[in-house]
Amino acid sequence: MIIGLTGGIGSGKSTVAEIFAQKQIHIVDADAISHQLTQAGQPALQQISMHFGPAVINPDGNLNRSWLRDYIHNTPTARTQLEQILHPLIATECATQLRHTPQATYQLLMVPLLIEHQIFKQMCDKIIVVESNLELRIARVMQRNQINRETVVAIINNQASDEVRRQEADFLIYNNDTLESLGSQVDHIDRVLREQSNRSAQATPLF
């Protein structure tokens, strides 16, 4: 089974993924793949440069993420244009990593915008949504990314709402409390998914 893991920026997806990883669950991280694809010399970066111009590349040849973030914030069509370049490449690499992993009980596909984009959503058998208090999310992202509140709020407003994500969720994880509470929720979901995976495997005919 492939389980989608998603949630709004600052909700704590990475922390949840780390807890699953401690249970030996294989995780494919779409964000990490995106970063790999936009390293110096990668074809995706060349496409981005051709589309957005030389300012999108740092002197060291890597993607100028702060410039691109500001450009997207000020140019309504830029986000869609960037996604049209990157998402097919990211989805292809995600599928490759999922396919080449040794047989497992289930795997996690972590995608920040999974709900918003069918290209990722269609890869998943079930979806886990991580949710957190809005002010907590804003504070986490401001501290982590060293950006101002206005920028964080703009990013949040460009993502699906909590209500929309809840409608798509098979499992909800609330990340407003302690790490222990978070771990307990992951423990429960892990048990359920292992049971479902085992039942599915037993029901699959050998011939």
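Brief remarks on what is shown
- Length gained on full extension, E163 to E116, computed as 0.36 nm times the residue gap minus the Cα-Cα distance: 15.6 nm.
- Per-q log10 I(q)/I(0), the chain, q = 0.14 Å⁻¹ (Debye; single scatterer per alpha-carbon; no solvent): -0.90
- Estimated from the Cβ-Cβ distance and a Förster radius of 22 angstrom, the FRET efficiency linking D190 and L98 is about 0.75.
- Sequence-ordered 3J(HN,Hα) estimates for the stretch 157-168 from the Karplus curve with 6.51, -1.76 and 1.60 and θ = phi - 60° stand at 5, 8, 9, 4, 6, 4, 4, 5, 5, 4, 5, 9 Hz, glycine and proline given as x.
- For H117, no residue has an amide H sitting under 5 Å from its own, ignoring neighbours fewer than 5 places away on the same chain, with H placed 1.01 Å from N.
- In a simple Cβ point-charge model (Lys, Arg +1; Asp, Glu -1; nothing else charged), the stretch 32-103 has a dipole of about 100 debye relative to its Cα centre.
- Spin-label pair N176/R69, simplified geometry with 7 Å Cα→Cβ offset, distance in nm: 2.6 nm
- 5 angstrom amide H check on G4, placed H, neighbours 5+ away: L109, D125, K126, I127, I128
Rule-based calculations on the coordinates, nothing more; no lab input. Since this is a predicted model, take the numbers as computed values, not measurements. Don't worry about glycine lacking a Cβ; one is built from the backbone with ideal geometry, like all the others, and counts go over all protein chains shown.
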